[in-house]
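Notes for the one structure printed next.
The values are calculated or read from the model by the stated rules, or taken from the named source; none is laboratory data. Keep in mind the model is a prediction, meaning the values are calculated, not measured. Cβ sites come from the backbone with ideal geometry, for glycine too, and all protein chains shown count toward neighbours. Side chains included, ligands, DNA and RNA excluded: accessible areas come from the protein's heavy atoms. Shrake-Rupley method; radii C 1.70, N 1.55, O 1.52, S 1.80 Å.
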Amino acid sequence: MSHRFGRADLRRRMRDYVRGLLAPVGRKNGWQLAEFAGHRTPDGLQRLLNGAIWDADDVRDDLQSYVAKHLGDDDGVLVIDDTGFIKKGATSAGVQRQYSGTAGRTENCQIGVFAAYATARGRALVDRELYLPKSWTDCRQRCRAAKIPDLRAFATKGELAKRLVLRALASDLPLAWVTADAAYGQEGRFRRLLEQSGLGYVLAVPKSQQVFGPRIDHLFAQAPDEAWEPISCGDGA
């Protein structure tokens, strides 16, 4: 994806920035990332993020093409989920006190909705959307200070998930399935989008919500003991 950055110095800074994000750096702020990269100050990395001309969505498209080439499979699964990033202060885009599944409690944090692509060949994150609460979208001055475009309106996490699915369908990624937890499965419009797109899906749905077809908990109750097999989801689990 180096062709997305017009100058050699931008390519070097982006490489340093990504390496810093992947490294065991205590706090991923400008100063610590710059120190890890061997820079005297964070000015270069800050210019890369705040002033340099490059398009994050173009880089995302390159990533999706790369993942499709190396991990793509006709039975590919798109996994939708959100995660929180603990923050201090009130100036980071989208930050407010809200529930974070990462922390397991309400914290001052940002929330991102993410899409991962998974096949038998491997898995990788392939897309993202920042969740902007109404406390942000209702205050254009605050949005402009954080360089959020005026056209960006409030969208629920379910609406952001729909955007991720539609972009994945338009990409090089071969898809057969989508999966997500009840935060997304409870939205009928999200399920209809998947059905209309011809995608299979496995979504958690609250048992209080009416669905068409047999309920999975009823099917489970009818299964004999020999139908079950314990499978570990990881070492020690």
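For the reader, a short list of remarks on this structure follows.
- Among Gln186, Gln64, Gln196, the largest mean-square fluctuation in a Gaussian network model of the chain, built with springs joining Cα atoms closer than 10 Å, belongs to Gln196.
- With both residues required to sit in the chain, DSSP beta bridges show an antiparallel share near 75%.
- Where Cys233, Cys139 fall by accessible area, highest first, once all protein chains stay in place (1.4 Å): Cys233, Cys139
- Tilt relative to the chain, helix 8-22 - C-alpha long axis, 0 to 90 degrees, to 10: 50 degrees
- For semi-axes √(5λ) of the Cα gyration tensor in Å, calculated from these coordinates, the label among (1) 37, 28, 15; (2) 22, 21, 18; (3) 35, 22, 19: (3)
- Cross-link reach is defined here as a Cα-Cα straight distance under 22 Å, omitting same-chain residues fewer than 8 places apart; for Lys207 the lysines meeting it are Lys157.
- For Asp82, the residues whose amide H sits under 5 Å from its own are Phe114, ignoring neighbours fewer than 5 places away on the same chain, with H placed 1.01 Å from N.
- Charge tally for Asp82 (other residues, Cβ to Cβ under 12 Å; Lys, Arg +1; Asp, Glu -1): -1.
- Using the Cβ of Val211 as centre and a radius below 15 Å, the other residues enclosed give a net charge of +2, where K and R count +1 and D and E count -1.
- Convex hull volume of the Cα atoms of the stretch 38-103, normalised per residue: 183 Å³.
- In the complete set of protein chains, residue-level accessible area for Ile86 is approximately 100 Å², probe 1.4 angstrom.
- Exposure rank, largest accessible area first [Met14, Met1; 1.4 Å]: Met1, Met14
- The listed residues Phe114, Phe5 rank as Phe114, Phe5 when sorted by accessible area, largest first, using a 1.4 Å probe.
- Cross-link partners of Lys88 among aspartates and glutamates, defined as those whose alpha carbon lies under 20 angstrom from its own and excluding same-chain residues fewer than eight positions apart: Glu107.
- The solvent-accessible area of His3, taken with every protein chain present and a 1.4 Å probe, is close to 130 Å².
- Among the protein heavy atoms, those of Leu169 account for about 70 Å² of accessible surface (1.4 Å probe, every chain in place).
- Solvent-accessible area of the chain (1.4 angstrom probe, protein heavy atoms only): carbon and sulfur portion equals 53 percent.
- Between Glu35 and Val18, the distance separating the two model label sites (each 7 Å from Cα on the Cα→Cβ line) works out to 2.5 nm.
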